[in-house]
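Read through the structure below, which is laid out as structure tokens, and then see the notes.
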Amino acid sequence: MSHEDDNICDTVPGFDAMSERRDINSCNFIQETYEGTGLRSKSSKVSSLQKGGFTGLVSPTAKLDVGSNKWYCYILRNKQSRYAHLTYNGSTNHPIRRLRQHNEEISGGARYTHGRGGGWEIYALLSGFPDHKNALSCEWRMKHTNGKPGKRPPEHCGMKGRIVALNDILQLEKWTQQCTHSNYDQQFTLYLADDVVSLVNVSALPPNITLSRDMI
């Protein structure tokens, strides 16, 4: 784990979520369904994995549901080879604008993502939070996967490790002990880039969490 990735692990909860104008760049998201398994998406948990020809790009003009009452948690990776080991996570009510800030197209964004020459993309996105505070709690838990301040375990760092960690995080009834909402009472949607969807054990996801491709 690099020293730079250590900085992410040590980020103060909610530090990046206060400037709530964020963005989502081109990144492939996939909706996976296992028909006939009893899992649900609207009627089943996720819909059939499409082979080949998949685009699913989210453009700056995508009609995402944004606003003060809609919150997202996201995980970033960097497409540049020299920064491919770097990741970052945050929360926002406007993913499209927020990503533009991380890529320094407009002002704002986290100090950690600046000075890299852009290249950031969102490759995991979770929606369905009941309020801002709950999204901030999830953001903190994604940074501190074992529930303790400080560095994440090595197996939960890096581009793949971040997604592997979701297998444990998404099982939690509450992101932290301070949460007043039970996760089991919420309906969450998890968007994943198609090259990391295999890292999530779909059959083990709680019934209130759906894997989805369609963000519009």
Suppose we filter 145, 180, 176 for residues that are in a loop (DSSP other than H, G, I, E, B) and either within 26 Å of residue 80 (Cβ to Cβ) or aromatic (Phe, Trp, Tyr) (or both); which single one remains? 145
Give the stretch 76-108 a look and list any residue that's within 20 Å of residue 195 (Cα to Cα), touching a residue at least 12 places away in the same chain (Cβ under 8 Å) and of a type in the set (Ser, Thr, Tyr), or say none. 83, 87, 88
Is it fair to say residue 125 is within 23 Å of residue 98 (Cα to Cα), in contact with a Pro (Cβ under 8 Å, 6 or more places away or on another chain), among the aliphatic types (A, V, I, L, M) and not in a helix (DSSP H, G or I)? yes
Assess whether residue 128 counts as being over 16 Å from the mean Cα position of the chain (by Cα) and surrounded by fewer than 21 Cβ atoms within 10 Å (Cβ to Cβ). no
Only one of 160, 174, 133 is surrounded by 14 or more Cβ atoms within 10 Å (Cβ to Cβ), farther than 27 Å from residue 101 by Cβ, free of Cβ contacts under 8 Å to residues at least 60 places away in the same chain and basic (Lys, Arg), namely 174
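No value in this document is a laboratory result; all are computed from the given coordinates. No experiment lies behind these values; they were computed from the predicted model shown. Glycine gets a Cβ as well: all are built from the backbone with ideal geometry, and neighbour counts include every protein chain shown.
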